[in-house]
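The values are calculated or read from the model by the stated rules, or taken from the named source; none is laboratory data. Computed from a prediction, not measured in an experiment: that's the story for all the values here. Positions of Cβ are backbone-derived with ideal geometry, glycine not excepted, and every protein chain shown enters the neighbour counts. Each accessible area value is taken on the protein alone, full model and side chains, heavy atoms only, with ligands, DNA and RNA left out. Shrake-Rupley method; radii C 1.70, N 1.55, O 1.52, S 1.80 Å.
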Amino acid sequence: MEVRLDGRTALITGGSLGLGKAMAMMFAESGAKVAIVARRQDVLDETKKEIEAATGGAVGAYSCNVLEKSEIEAAHAAAVKDLGPIDILINNVGNRDINVPIAEESLADWQAMMDLNVTSCFVTTKIVGGAMLERGQ
């Protein structure tokens, strides 16, 4: 089954590598404009070139630390300026680098993981989803 997303714009956090990159490629192949968001601009730029070359689609690449609300706001604003309003949001950031039993894990390490894996998704959804709701989506 082929799904077409022509005329839609997707914003994907963690979009420069791994699953996020694969989703960005699939969205672009389906006709969507794609905004990829991650921390490292050099990796974003390489992924952008790769997706554009493979699909001919419109791709924006925006460096952003999703732990910083102001950076999420700036990346969202830039993506909307370049690609148009966001129709689809994929919260794809996440990490679990702590490799110790929970009894040995510090509260600070736990909170840092929760901030990245959960709080950043909440804040991103409030910003991007809020704009979607304002447009009646």
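Looking only at region 99-134, how many residues end up being touching a residue at least 12 places away in the same chain (Cβ under 8 Å), farther than 16 Å from Ile72 by Cβ and within 20 Å of the chain's Cα centre (by Cα)?
Counting residues in region 99-134 that are touching a residue at least 12 places away in the same chain (Cβ under 8 Å), farther than 16 Å from Ile72 by Cβ and within 20 Å of the chain's Cα centre (by Cα) gives 1.
Residue check, Gly136 against (1) under 21 Å from Gly18 (Cα atoms); (2) outside any helix (DSSP H, G or I); (3) of a type outside the set (D, E, K, R), all met but one. Which one?
(1)
Restricting attention to region 79-104, and to residues there that are charged (D, E, K, R) and part of a helix (DSSP H, G or I), which single residue is modelled with the lowest pLDDT?
If we filter region 79-104 for residues that are charged (D, E, K, R), which is where we start, we get 81-82, 87, 96-97, 104.
Cutting the leftovers down to part of a helix (DSSP H, G or I) gives us 81-82, 104.
Working: Lys81: 98, Asp82: 98, Glu104: 88.
Per the criteria, the residue is Glu104.
Kindly evaluate Glu52 against the criterion of being of a type outside the set (S, T, N, Q), surrounded by fewer than 19 Cβ atoms within 10 Å (Cβ to Cβ) and under 22 Å from Val128 (Cα atoms). Let's see the steps before the verdict.
On the way: of a type outside the set (S, T, N, Q): yes; surrounded by fewer than 19 Cβ atoms within 10 Å (Cβ to Cβ): yes; under 22 Å from Val128 (Cα atoms): no.
Here the answer is no, as Glu52 does not meet what is asked.
Yes/no per residue for (1) open to solvent by less than 30 Å² (accessible area, probe 1.4 Å); (2) touching a strand residue (DSSP E or B) at 6+ places or on another chain (Cβ under 7 Å); (3) in contact (Cβ under 8 Å) with a residue 60 or more places away in the chain:
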residue: Val3; (1), (2), (3): no, no, no
residue: Thr13; (1), (2), (3): yes, yes, yes
residue: Lys21; (1), (2), (3): no, no, no
residue: Ile36; (1), (2), (3): yes, yes, no
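Consider Ala53 carefully, then state whether it is assigned to a helix (DSSP H, G or I) and among the small types (Gly, Ala, Ser). It would help to see each step written out before you state the result.
Working: assigned to a helix (DSSP H, G or I): yes; among the small types (Gly, Ala, Ser): yes.
So Ala53 fits the description; yes.
Filter region 82-114 down to residues that are open to solvent by 40 Å² or more (accessible area, probe 1.4 Å) and more than 20 Å from Leu17 (Cα to Cα), then give me how many there are.
16
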